[in-house]
1. With the checklist (1) in contact with a helix residue (DSSP H, G or I) (Cβ under 7 Å, 6 or more places away or on another chain); (2) part of a loop (DSSP other than H, G, I, E, B); (3) acidic (Asp, Glu) in hand, flag the one item B:Glu67 doesn't pass.
2. Can you name every residue in segment B:215-230 that is surrounded by fewer than 16 Cβ atoms within 10 Å (Cβ to Cβ) and modelled with pLDDT of 95 or more?
3. Considering only segment B:47-88, state which residues are of a type in the set (Ser, Thr, Tyr), closer than 30 Å to B:Met331 by Cβ and surrounded by 22 or more Cβ atoms within 10 Å (Cβ to Cβ).
4. Determine which single condition B:Gln288 fails, assuming it passes every other condition in (1) closer than 22 Å to B:Tyr225 by Cβ; (2) buried (at least 17 other Cβ atoms within 10 Å of the Cβ); (3) away from chain A (no Cβ under 14 Å); (4) of a type outside the set (Ser, Thr, Tyr).
5. What is the number of the single condition among (1) at negative phi; (2) surrounded by fewer than 17 Cβ atoms within 10 Å (Cβ to Cβ); (3) within 14 Å of chain A (Cβ to nearest Cβ) that B:Asn328 does not meet?
6. Looking for whichever is over 26 Å from the mean Cα position of the chain (by Cα), at pLDDT below 95 and under 27 Å from B:Ser432 (Cβ atoms) here; the options are B:Asp209, B:Asp205. Which one fits?
7. Considering B:Ser303, B:Ser275, B:Ser298, B:Ser289, which residue is touching a Phe, Trp or Tyr at 6+ places or on another chain (Cβ under 9 Å), over 30 Å from B:Tyr345 (Cα atoms) and at pLDDT 95 or above?
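The values are calculated or read from the model by the stated rules, or taken from the named source; none is laboratory data. Since we're looking at a predicted model, the values are computed, not measured. Here Cβ is always computed from backbone atoms with ideal geometry, including for glycine, and neighbour counts include all displayed protein chains.
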Amino acid sequence: MKNLFLGMMLLVVTLSVQAQTKKNKNAKYTIEVNGNCEQCQNRIQKAAFSVSGVKMASWDIDSHKLNVIINEEKTSIKAVEVAIAKVGHDTKEFKSTKESYDKLPGCCQYDRW
Amino acid sequence: MKKQISILLLSLLCAFTSYSQDTLKVVKVVSKSKGLQKSSKITANTTLVTSKELLKAACCNLAESFETNPSIDVNFSDALTGTKQIKMLGLTSPYLMIDEENIPSVRGASQAYGLSFTPGTWIESIQITKGAGSVVNGYESISGQINTELIKPINNIPFFLNAYGSSDSRFELNTHFNAKLSDKWSSALFVHGNARTAKKDMNDDGFLDNPLAKQVNILNRYQYYNAEKGWVSFINFRYMNDKKQAGETDFDPNKDKGTTNFWGSEINTERFDVSSKVGYVFKDMPYQSFGFQNAFNSHNQDSYYGLNQYNIKQSSFYSNLIFNSIINNTMHKFATGLNFTYDKYQEFVNVNDYSRIDNSIGAFFEYTYDNASNFSLIAGGRVDNHNRLGTFFTPRLHIRYNPWEKATLRVSAGRGKRSANIFAENQSLFASSRTFDVLNASGKIYGLDPEIAWNYGLSFNQKFKLFGRNSDIGFDFYKTDFTKQVVVDLYTAPAISGTHQVLFYNLNGKSFANSLQIDFNVELVKHLDIRTAYKYYDIQTDYLSGSSERPLQAKHRFFANLGYETHITDKGKQWKFDFTYNWMGQQKLPETASNPIEDRLPVYSPSYSLMNFQITRTFSSTFEMYFGGENVGNYKQEKAILGSENPFGSTFDASIVYAPVFGQMYYAGLRFKIK
């Protein structure tokens, strides 16, 4: 019984490992990024593109949604979020530091969540 | 084996379902409130003319769709055919690339009248690009590109009706039908008819001011759209038949054709078009796609101008394969592909046979860099092999930079090369006593060499608030330098006095066209927009008789357009008012000094102004009526036809037209939709 359980565990682990090794070269994500205006749009997109492996990044001013397509062999959505938080824009997962936020020009100082 | 297949099928299914719908860009209907849109984010100097703008001047076809737009000058063609010619940067349509849905449309045989073969109601939008343009569609454009998008079946309303009538006895009827054939197929049928039935001679010179005309134009198009799989396709079938009769009011073609009883002209054109487009957007990669376009058309014009016979039939095939993708990310995009063009011309000028076959094959690569904020660049090049133009390279470059907020600076440069279809492009000159003389014989196109020009442009635009209202100011400066050109010479005095000629020869010396446009646009009060533009043209060519400005080209022009709209009420009721003012400076006229004194024209035409207006009353979202006037100041050219008393004599010339012939014209029409 114990062996069976172990065996099943092993199976699950190997399956998940397998799933991880098969990485998507065109993985599509939509995440929310806080910001206000066209300047924010430029900054957010620029930050996303600065991450190697990001193929497409477009942030919509009205919906605050960032659409990205990334090569998961080279990067992850987390890395993109970190890069965006670094230039002063919050995502749901990664908050920007106060310093970076304060550095934003006045029109870009969005209401923080 | 069976298992493998089922696994394959399963994975395929998974792949399809995981491919979400929004990856394929849906063709967007432009519903913004502005009629002329100029984005500060696009690289080339392109203005988008929306369907809303096109409604401002309701009459009637593509040639007449530019009246409210300062980038393009609408000119008057010969006094006979009434077809309007357009100019951009001071150069006529042969130097523009005119596309319909990115397939070259007005070219070769259709150069003179082609713009009047697309009814205005069919047009969804027009993109006008000043300067060199993109390499994707070809090497021919020199001063600009005009691309017309027709209404797409997929988002069209089921029924549309437009009727139009005017005081110069022109009547038009447009009906559009649209049907959704399945969830992926849609179809549209556009039927256009126009006629001018009454003979009018307002200036009493014995000649019709506008030709009698009849046109039937039918377009049937099918659109396939599959968002899940990323496929989109168009198939178009089109038939057009256009008949014009011009000349003396007493001219009866059955009795007088080919005689000197009365001077008359008939121009009959029949045209078939079949075209197809297939586009595919790769799964999970909205930035990667390919497109394949094919177009076949047959254009057959039978015509005579007095005793001059001119027949041309052009059978063409055009094919374009394009692949779009990215390098690393969407900041670096590229387009690459192949073009193929085949043109069979059967051309007869009186008894001379100029029939020929032209073909070319080319490959292009265009790189786009966009830093996603304030800088972008398009660098393109293509290599073509043409049986008459040889093998040649065409580079083009566009740069856009936003130095500070709401400011756009653009630079462009590029090369264009083309063969001049001297007869088709200058056929208005057949309506004169001129003899056509080609002075060169060694070239491959009527004995002449191909035309080559470089175009350079610089433009700047700044948007700002004036008393809290949206305004913008800007300038465009463009320079076109011809290194080779076919000169059309109307200045050189004939060797035998009392005769007239038009000379065609290879440029020997300099030829250039400089243009400067200064724009100022402001919303004066809410819903009241004013557009103004001043344009300066310095266009000079070295003729045999010396350097001179191009004939029939005003050096100074001023343009103003006022548009006012009332608020749309709940029931969709609205008034729209539109007024356009054009002032044209003096234009140099062709040589007439050797004529007897009564048939001489001054060296320069007088300057004059023109005013058009239109009032539209929308009764609901499905019904509206409009009323308008053109040339309401009633300016008319004195002596529209030189030597009209003796049309078979040596001084006869109906091609020197610098102003309207007809005078004021009023029109009214209605539009009805079923949504």
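1. (1)
2. Across segment B:215-230, the qualifying residues are B:Val216, B:Ile218.
3. Passing the criteria: only B:Ser71.
4. Every condition holds for B:Gln288 apart from (3).
5. Exception for B:Asn328: condition (1).
6. Of the residues listed, the single one that is over 26 Å from the mean Cα position of the chain (by Cα), at pLDDT below 95 and under 27 Å from B:Ser432 (Cβ atoms) is B:Asp205.
7. B:Ser289
Here is a yes/no grid of residues against (1) surrounded by 17 or more Cβ atoms within 10 Å (Cβ to Cβ); (2) within 25 Å of B:His299 (Cα to Cα); (3) of a type outside the set (Val, Ile, Thr):
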site: B:Phe375; (1), (2), (3): no, no, yes
site: B:Asn387; (1), (2), (3): no, yes, yes
site: B:Arg396; (1), (2), (3): yes, no, yes
site: B:Trp404; (1), (2), (3): no, no, yes
site: B:Lys463; (1), (2), (3): no, no, yes
site: B:Ile473; (1), (2), (3): no, no, no
